[in-house]
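The structure under discussion appears below in the form of structure tokens.
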Amino acid sequence: MQNNTFSTLFVGQNLIKLSAVDSTNNFLKNLVSNSEPLPEGTVIMADDQFAGRGQQNNVWKAEPGKNLTFSILLKPTFLAVDKQFFLNLSVSIAINNVLTRILGKNTSIKWPNDLYFGDQKLGGVLIENTLVGNTIKNSIVGIGINVNQQHFEEELTVTATSVFQILQKDVNLLNLLADICSEVESLYLQLRTGKHTNLKENYVDKLYHLNKPALYQKDGEVFEGIIKGVSDAGLLQVEQHGERLEFNFKELTFLNHL
């Protein structure tokens, strides 16, 4: 389905809307592998994603028809494999920029790519890259955002929130999708020019818990640390007793502020 309402060059210009799917990432991966070449920027959007996935195969739960669950096909062949985390930087910053314009400055990015308002999760990103040698052939960028959902399951009421709960009004899903696609495209094109340092600085500036003492857990051990930044490979840099430590994905559990 061609979409001509997005003011973008390519992201979202080929928009495929589905009523229900297990995972927009899975659907897009199957299209890429089984069909004629898809144009870069193709977006798969689903009203109901009944088996959505987060990082490390966590389940992403969303009320049908109330939220944004979609995936974008990108082809960052210009990006070296050891710099693939910079795609995560650009996408996370892009979504945070859009949410900040809507919700104000209480938005942040919880490393590596969860979207937060205050201490509650608004959404998340799951990027799956197809590598060929030292090149990234395709990237499937899955994005889920709690938009118009008014109520969450009991175990999520403290940890999750939505745009509706913050603003107390509905937001047009297609307009929000168009804004995100436009911002993702803008920062993706910036990434293509090689402006990695600026992206990293912007990402670090938006990090949840940045420069604030907080409790973390690694291998069952709780410790106090202060987030200071990220490495080019995406490792989280946490200062503990004057020493800067680095942690890979899922090595560290966030607990709470002190």
Report task. Could you sort 184-193, 73-82, 114-123 so that the peptide with the highest average Cβ count within 10 Å comes first and the rest follow in order? Result -> 114-123, 184-193, 73-82
Query raised in the report: Any idea what the relative contact order of region 189-258 is, in percent, if you count C-alpha pairs under 8 Å spaced at least 6 apart?
Result: 27 percent
Query raised in the report: Of the heavy-atom accessible surface of region 70-193 (probe 1.4 angstrom), what whole percent is carbon and sulfur?
Result: 47 percent
Query raised in the report: By how many nm would the segment from Asn106 to Phe50 lengthen if fully extended, with 0.36 nm per residue of separation less the alpha-carbon distance?
Result: 17.2 nm
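Work out the FRET efficiency for Ala80 and Asn256 from their Cβ-Cβ distance, taking R0 = 25 Å, and round it to the nearest 0.05. Can you show the working numbers first?
On the way: r = 37 Å, r/R0 = 1.48.
Given R0 = 25 Å and the Cβ-Cβ separation, E is 0.10.
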Query raised in the report: Lys218: which lysines have alpha carbons under 16 Å from its alpha carbon, excluding same-chain residues fewer than 8 sequence positions away?
Result: Lys250
Report summary line: The rounded separation in angstrom of the Cα centers of region 126-184 and region 228-258 is 24 Å
Query raised in the report: Is there a pair in Lys105/Lys137; Lys75/Lys212; Lys105/Lys169; Lys66/Lys121; Lys17/Lys75 whose C-alpha atoms are over 26 Å apart, and which pairs would that be?
Result: Lys105/Lys137; Lys75/Lys212
Query raised in the report: Quick one: if you stick a label point 7 Å off each Cα along the C-beta vector at Thr193 and Asn175, how many nm between them?
Result: 3.0 nm
Requested in this report: Order these peptides, 153-162, 101-110, by their mean beta-carbon neighbour count within 10 angstrom, highest first.
Outcome: 101-110, 153-162
Query raised in the report: Modelled label-to-label distance, Ser231 and Thr159, 7 Å Cα→beta-carbon offset: nm?
Result: 2.7 nm
Report summary line: 1/(1 + (r/R0)^6) with r = Cβ-Cβ of Glu246 and Lys137, R0 = 25 Å, i.e. FRET efficiency to nearest 0.05, evaluates to 0.30
**Report entry** Dipole of the chain, positive direction: furthest Cα of Leu15, Ala46, Pro64, with charges on the beta-carbon
**Finding:** Leu15
**Report entry** Chain lengthening between Ser35 and Lys17 when straightened (0.36 nm per residue, less Cα-Cα)
**Finding:** 4.8 nm
Requested in this report: Please work out whether the chain counts as rounded, prolate or oblate from its C-alpha gyration tensor, where a ≥ b ≥ c are the square roots of the eigenvalues and a/c under 1.5 means rounded, while otherwise a/b larger than b/c means prolate and anything else oblate?
Outcome: oblate
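The values are calculated or read from the model by the stated rules, or taken from the named source; none is laboratory data. On a predicted model such as this, the values are computed, not experimentally measured, just so you know. Neighbour counts are summed over all protein chains in view; Cβ atoms, including those assigned to glycine, are modelled from backbone coordinates with ideal geometry. Please note that ligands, DNA and RNA were not included when accessible areas were found on the heavy atoms of the full protein model with its side chains. Shrake-Rupley method; radii C 1.70, N 1.55, O 1.52, S 1.80 Å.
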